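Notes for the one structure printed next.
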Amino acid sequence: MSQGPWQPATAHEHAVMDLLLAVRAFSDALDRMNGGMKDDMDMNASDLAALRMLIMREQRGEIVSPHDVARHLRISTASTTKLLDRLTDSGHVERMPHPTDRRARVIRLTPESRKTFYRHFGERMAAMRAVADRYDEAELALIVRFLGEMGEVIAAHGE
């Protein structure tokens, strides 16, 4: 009898299935967390995704342009303008002159938005960091590699 995709036959297939189920559970938990934050901050999913992107890029010291937001969210420039107008009007972001290109603009979180984001996310982030602290550097590097590769596969199939 042939084994279907949901009936692993070997120990490795069982381990892979367990991993994929854990990834799905993790994804569901992130969805619930983001849904709660979206409601708490009274914004839609795209607005919250833009704020998360800005936080991540800020932590890496990267400058974010409106084009970067559009590409990250996979939305048109018109939709990006509307999104940035909403986030600017609500005090979450500010448009600033680019530091080296006078024609371009960059998008930054406002200090108040940053505080609000961390107030909503800080406790969860501390708990997640506590989990990560249980792993040594080699294990963390392996997890980072795995998540990076999974993200690439997901992104490649979403285009």
Practice item. Find all pairs meeting these conditions: Cβ atoms under 6 angstrom apart; at least six residues apart or on different chains; first residue within the stretch 75-86 and without any contact (Cβ under 8 Å) to a residue 40 or more places away in the chain and farther than 19 Å from residue 109 by Cα; second residue part of a helix (DSSP H, G or I) and of a type in the set (Gly, Ala, Ser). Key: 77/70
Check your understanding: Is it the case that the stretch 9-22 has a residue that's loosely packed, with under 11 Cβ neighbours inside 10 Å and either at positive phi or modelled with pLDDT under 90 (or both)?
Key -> yes
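Quick grid of which residues meet (1) in contact with a strand residue (DSSP E or B) (Cβ under 7 Å, 6 or more places away or on another chain); (2) more than 23 Å from residue 151 (Cβ to Cβ); (3) not acidic (Asp, Glu):
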{"residue": "28", "(1), (2), (3)": "no, no, no"}
{"residue": "42", "(1), (2), (3)": "no, yes, no"}
{"residue": "53", "(1), (2), (3)": "no, no, yes"}
{"residue": "63", "(1), (2), (3)": "yes, no, yes"}
{"residue": "69", "(1), (2), (3)": "yes, no, yes"}
{"residue": "83", "(1), (2), (3)": "no, no, yes"}
{"residue": "111", "(1), (2), (3)": "no, yes, yes"}
Study note, to complete from the structure: Only one of (1) surrounded by 11 or more Cβ atoms within 10 Å (Cβ to Cβ); (2) more than 19 Å from residue 49 (Cα to Cα); (3) touching a residue at least 24 places away in the same chain (Cβ under 8 Å) does not apply to residue 142, and that is (3)
Practice item. For the stretch 77-91, indicate whether the set of residues that are within 18 Å of residue 113 (Cβ to Cβ), exposed (fewer than 11 other Cβ atoms within 10 Å of the Cβ) and among the acidic types (Asp, Glu) is non-empty. Key: yes
**Study point:** Within the stretch 54-74, considering residues that are out of contact with any helix residue (DSSP H, G or I) (no Cβ under 8 Å at 6 or more places or on another chain) and surrounded by fewer than 14 Cβ atoms within 10 Å (Cβ to Cβ), the one nearest to residue 107 (Cα to Cα)
**Key:** 62
Check your understanding: With respect to residue 106, is the statement that it is within 21 Å of the chain's Cα centre (by Cα), surrounded by 12 or more Cβ atoms within 10 Å (Cβ to Cβ) and not small (Gly, Ala, Ser) true?
Key -> yes
**Study point:** Subset of the stretch 105-133 (residues that are of a type in the set (Gly, Ala, Ser), modelled with pLDDT of 90 or more and closer than 18 Å to residue 62 by Cβ)
**Key:** none
Exercise for review: Give the residue that is nearest to residue 98 (Cα to Cα), with candidates limited to residues of the stretch 37-74 that are in a helix (DSSP H, G or I) and of a type in the set (Val, Ile, Thr).
Suggested key: 69
Review point. What is the one condition in (1) of a type in the set (A, V, I, L, M); (2) at pLDDT below 90; (3) over 15 Å from the mean Cα position of the chain (by Cα); (4) surrounded by 10 or more Cβ atoms within 10 Å (Cβ to Cβ) that residue 154 does not satisfy?
Key: (3)
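The values are calculated or read from the model by the stated rules, or taken from the named source; none is laboratory data. Being a predicted model, the structure only gives us computed values, none of them experimental. Neighbour counts run over all protein chains shown; Cβ positions are idealised from the backbone, glycine included.
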